[in-house]
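The values are calculated or read from the model by the stated rules, or taken from the named source; none is laboratory data. Computed from a predicted model, the values in this text were never measured in an experiment. Positions of Cβ are backbone-derived with ideal geometry, glycine not excepted, and every protein chain shown enters the neighbour counts.
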Amino acid sequence: MTPEQMRDASLLELFSLEAEAQTQVLNAGLLALERNPTQADQLEACMRAAHSLKGAARIVGVEAGVSVSHVMEDCLVSAQEGRLYLQPEHIDALLQGTDLLMRIATPGNTVTSADIEAYVALMNRLVEPSAPTARVAPPPFDVSQLLLAPEPVVPEAPAPVELAPLPEPAAEPARRPQRLTEGGERVLRVTAERLNSLLDLSSKSLVETQRLKPYLATMQRLKRMQNTSLRALDHLGDQLKVLTLTPEAEEALAEARRLLAESQHVLSEQTAQLDEFGWQTSQRAQLLYDTALACRMRPFADVLAGQERMVRDLGRSLGKQIRLEIEGEKTQVDRDVLEKLEAPLMHLLRNAVDHGIEPPEQRLRAGKPAEGEIRLRASHQAGLLVVELSDDGGGVDLERLRRSIVQRQLSTEATAAQLSEEELLTFLFLPGFSLRDTVTEVSGRGVGLDAVQHMVRLLRGSIVLEQVSGQGSRFHLEVPLTLSVVRSLVVEVGGEAYAFPLAHIERMRDLTPDDIVQVEGRQHFWHEGQHVGLVAASQLLQRPPGQNDDDTLKVVVIREREAVYGVAVERFIGERTLVVLPLDPRLGKVQDISAGALLDDGSPVLIVDVEDMLRSVDKLLNTGRLERIDRRNRHTAEVARKRILVVDDSLTVRELQRKLLLNRGYEVAVAVDGMDGWNALRAEHFDLLITDIDMPRMDGIELVTLLRRDNRLQSMPVMVVSYKDREEDRRRGLDAGADYYLAKASFHDDALLDAVVELIGGAQT
């Protein structure tokens, strides 16, 4: 590439960057002028943006950009001077020109001369309807005027350049214009990889500074030992005064005192210096880390570029008048989160325009203004980014939604009639679900809200829909402020550290043995008015159970949408802010783990994938492999009682048998069907199984057959209690592996208890 080609490539890149910035100014200004066509500040901003683009296009030799920006500038100047009142058709044409300029400035896009001529002719007709189509290009212009004139304007004729009014011209060549922020700070372009590397190095330096603390503690301990040694030496000297020492011994004792005192002084100085160095280093490392982290943060406004324009254009195509109001534009968010939020927000905005806002005539009949309003608000709450998108439209027609659910065979009519509003709205997030009867360019395929929910979950966030019929709807999104840093609760499981993200933790609990109850073959505890299932973190994470002598059980209550479980851990280490270190891609998806991190002392910690962990819990429940957590106090000597599992789908029979056996001194657990019974048998130890035959999901014969095939359980005594009292029914149960068969129709209390005693003996071992 020749130097001239390199120069041209650089200029084209600069023109592309300037076009991107100036078209944003034009879009925002034109949308404001559409609401108030006489705003002088917006007219001035748009005119200057068009003028700057014209000058930039002329410098780089992009004649198409010169022609388009020139006619746009003429239109805006006429509006400034009062010769033209901007109508909707003018705004449409100017926005069209903005898009055309962006196409011209984007490499790879082809814009034909016919497109340019057609647009110039359109603008000329709008600005001067009576004048014939005239100019395609502006009059010739001296480029030097752009470089030397303080306030360039469109000249009527070429004129010589006057250098006198200018301050002392610099001898050095003109510098490239610098990009500045709103605060006047310079903006530099840095690759994402380099920024990520900087953040990684700063986090590691922060961790390394923490390693000075153990060394400082050791030196402090050594200092105390020297003090003790010096006192002991002084005491020894006092004891030796009663003896007659040789001059050599007295001199050696004095020398030992002197050396010990000198070493103590040196150690004190070095300890103080190390303490000061450690403090300064940790402060600078923390500042470096905070600064590097701040470089990743961007204002929420960055994700809104073009969204207001999209809402306006889509609304006009649907015959609706819509205004987008934005709050919290300067809210700082991680750039990675912003990139992943762009698509969900676009889906939600399109949904609000198409489904939410009604046509103007319908709004007027409902007593609303013809122009609809969509409000987008961003804020920080408890370490999360909260985005609320609301509209003042008609909301969701719940009866229509109910009928659609039944038509799609997602529920029966009777069940759909009993669904609450919250339950009905969850159907809108199902794949392929839509309230549109026909497919349009905007909606109807049923992929919008489903895709939004999926993308929000990938961000470890949540989304909730609320609505008031006839008044509008509101989407509530919560996502982490950053994906590189996560606030977590660090716990110990199997002697290793694991981190639960705070966003998924509902509460931390200390459970006593009496707090844990057995319900339907599973362990539960009472939490905020409901029974919450209890699982062991050691089983989920495949770690050996740790030794914990505490009288209480440490439990982390995790929630993912409607799923709530208590995860038992060995110890709470504490809350930490962790820098996320992605796992090696070669590992693939590690079960129940999302990423890694380093603690303050440099030790590794794995970050738990809560959503994946809940799926693992469901898998253990379905396969019957959920292990029991011993809820009994290890330090309490209890009389061992034999345990019996009663499996029956009849509540009456189940409770009758339970009370009879409890009164006789047995420990009893119950299950509502064969599947729950199988889960309980795999999770806990029982001395006897009492089961019915006819049950949903898994009957008694299947349950007994599975038990006899299991090497660990096959020796367990089994009693069948059934309404079926025919000989063939009895034979069928015994052939399956039952040890005793009792008919419900003929059994009485003593018969059941006598059979239990015959099979396993008395209640106590």
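Remarks
- Residue identified as in contact with a strand residue (DSSP E or B) (Cβ under 8 Å, 6 or more places away or on another chain) and either hydroxyl-bearing (S, T, Y) or modelled with pLDDT of 75 or more (or both) among S229, S203, S197, S263: S203
- Taken over segment 504-523, the criterion of being farther than 29 Å from L689 by Cβ and buried (at least 20 other Cβ atoms within 10 Å of the Cβ) is satisfied by H504 alone.
- All of R221, R211 fail the test of being over 26 Å from the mean Cα position of the chain (by Cα) and either of a type in the set (A, V, I, L, M, F, W, C) or at pLDDT 80 or above (or both), apart from R221.
- Given (1) without any contact (Cβ under 8 Å) to a residue 40 or more places away in the chain; (2) farther than 29 Å from A301 by Cβ; (3) among the aliphatic types (A, V, I, L, M), number of the condition A64 does not satisfy: (1)
- Residue within segment 276-297 that is more than 26 Å from V579 (Cβ to Cβ), modelled with pLDDT of 85 or more and assigned to a helix (DSSP H, G or I) present: yes
- Segment 372-397 - residue that is part of a strand (DSSP E or B) and small (G, A, S) and, of those, farthest from V479 (Cα to Cα): G372
- Segment 593-618, residues that are assigned to a helix (DSSP H, G or I) and surrounded by fewer than 19 Cβ atoms within 10 Å (Cβ to Cβ): E611, D612, R615, S616, D618
- Pair list, Cβ under 7 Å, 6 or more apart: segment 106-123 residue more than 14 Å from V62 (Cβ to Cβ) and without any contact (Cβ under 8 Å) to a residue 60 or more places away in the chain, other residue outside any helix (DSSP H, G or I) and of a type outside the set (D, E, K, R): E117/V136; V120/V136; A121/T133
- Hits in segment 563-585 (condition: touching a residue at least 60 places away in the same chain (Cβ under 8 Å), outside any strand (DSSP E or B) and either more than 17 Å from K204 (Cβ to Cβ) or of a type outside the set (A, V, I, L, M) (or both)): E570
- Selection from segment 427-458 of residues that are surrounded by fewer than 16 Cβ atoms within 10 Å (Cβ to Cβ) and either modelled with pLDDT of 75 or more or more than 29 Å from the chain's Cα centre (by Cα) (or both): L430, R436, D437, T438, V439, T440, E441, A451, H454, R457, L458
- Scanning segment 382-400 for residues that are touching a residue at least 24 places away in the same chain (Cβ under 8 Å) and not aliphatic (A, V, I, L, M) yields G383, E388, S390, D391, D392, G393, G394, G395, D397, R400.
- For V242, the criteria (1) modelled with pLDDT of 85 or more; (2) exposed (fewer than 12 other Cβ atoms within 10 Å of the Cβ); (3) among the hydrophobic types (A, V, I, L, M, F, W, C) hold in every case but one, which is (1).
- Of the residues making up segment 454-479, those that are of a type in the set (G, A, S), assigned to a strand (DSSP E or B) and closer than 20 Å to I322 by Cβ are G472, S473.
- R186 vs. criteria modelled with pLDDT under 70, more than 29 Å from the chain's Cα centre (by Cα) and of a type in the set (K, R): yes
- Filtering segment 292-329 to residues that are free of Cβ contacts under 8 Å to residues at least 40 places away in the same chain and among the polar types (S, T, N, Q) leaves only S317.
- Considering each residue of segment 329-350 in turn, at least one proves to be part of a strand (DSSP E or B) and hydrophobic (A, V, I, L, M, F, W, C).
- Filter result for D551 (more than 25 Å from the chain's Cα centre (by Cα), more than 28 Å from S484 (Cα to Cα), at pLDDT below 80 and not in a strand (DSSP E or B)): yes
- Counting only residues that are within 32 Å of the chain's Cα centre (by Cα) and either assigned to a loop (DSSP other than H, G, I, E, B) or outside the structural domain of I357 (by TED's automatic domain parsing) (or both), segment 398-426 holds 5 of them.
- Candidate set from segment 276-290 (those that are touching a residue at least 24 places away in the same chain (Cβ under 8 Å) and exposed (fewer than 15 other Cβ atoms within 10 Å of the Cβ)); member that is nearest to T191 (Cα to Cα): Q286
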